[in-house]
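A short write-up of the structure that comes next.
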Amino acid sequence: MTQEDAQGSEGGQPEDQSKRDFLKVAATVSAALAVVGIASVMKSVVIPVIPSGSNLTFPKVKVSTLSEVSGGTAVIFNYPLDNTPNVLVKLGQKAENGVGPDGDIVAFSQVCQHLGCIWGYVPTGGSPAVNKAYVAKSPVGYCPCHGSIFDLANGAKVIGGPAPRPEPQVALEVDSSGNIFATGMGPPSIFGHSTGSSDPNNDLQGGNLVTTTQGS
Ligand code: FES
């Protein structure tokens, strides 16, 4: 898909603790990788949180390359299910859990955590088509339905609008050839893919796990 597709179209749980646990695990494993000397292959690693008791296993799927995203082009890919879109983009500034040589490549679920519309990527200085009065001071995701705004350099935290929680972040790896892989996804659950139980990371029902190369 194209960057225009990332501009969005129409289409809620205890989250802070799980987010902290997610980041703690990621930091621990990154340190371990440096010790064993394979950090040069995996530029950065985000470890997905798989709910306890779940038999879910995230697939590893190639979604893009460093050259494809070098100019800021947004890449849309379905992951981990074949009907759940994500945006992958090189932000041009260091990002939380960012990968690549500059630590600025991130990917998030594109399904808005408010009511499930598809948000679009807006680079620094840009404006969403639905609200030309808004000028992004940093790279954001902007939902055209009710104006939720996600800070993409800081874990897609909500900085505007009614979304009750951040977007799930896709775990990425970059190999020595510049290929970018999706390897997992952090909490919370993709909107519409939780059972609605007390565990927000309960499951990913409602689609099939992707198994083939994604991206444009
Ligand atoms: S669905 Fe995104 S702000 Fe309402």
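Data overview
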| read-out | value |
| --- | --- |
| Failed condition for Asn86, given (1) in contact with an Asp or Glu (Cβ under 7 Å, 6 or more places away or on another chain); (2) of a type in the set (S, T, N, Q); (3) closer than 16 Å to Val69 by Cβ | (1) |
| Complete set of residues in the range 123-143 that are out of contact with any helix residue (DSSP H, G or I) (no Cβ under 7 Å at 6 or more places or on another chain), surrounded by fewer than 15 Cβ atoms within 10 Å (Cβ to Cβ) and among the aliphatic types (A, V, I, L, M) | Val130, Ala133, Val135 |
| The range 98-122, residues that are in contact with a Leu (Cβ under 8 Å, 6 or more places away or on another chain) and either open to solvent by 10 Å² or more (accessible area, probe 1.4 Å) or of a type outside the set (Val, Ile, Thr) (or both) | Gly98, Gly100, Pro101, Asp104, Ala107, Phe108, Tyr121 |
| Residue in the range 146-187 that is nearest to the ligand (Cβ to nearest atom), counting only those that are open to solvent by less than 40 Å² (accessible area, probe 1.4 Å), farther than 20 Å from Gly98 by Cβ and touching a Gly at 6+ places or on another chain (Cβ under 8 Å) | Ser148 |
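The values are calculated or read from the model by the stated rules, or taken from the named source; none is laboratory data. All of these numbers come straight from a predicted model, not from anything done at the bench. FYI the Cβ positions are ideal-geometry reconstructions off the backbone, even for glycines, and counts take in every protein chain you see. The accessibility values were calculated without ligands, DNA or RNA, using every heavy atom of the protein model including side chains. Shrake-Rupley method; radii C 1.70, N 1.55, O 1.52, S 1.80 Å.
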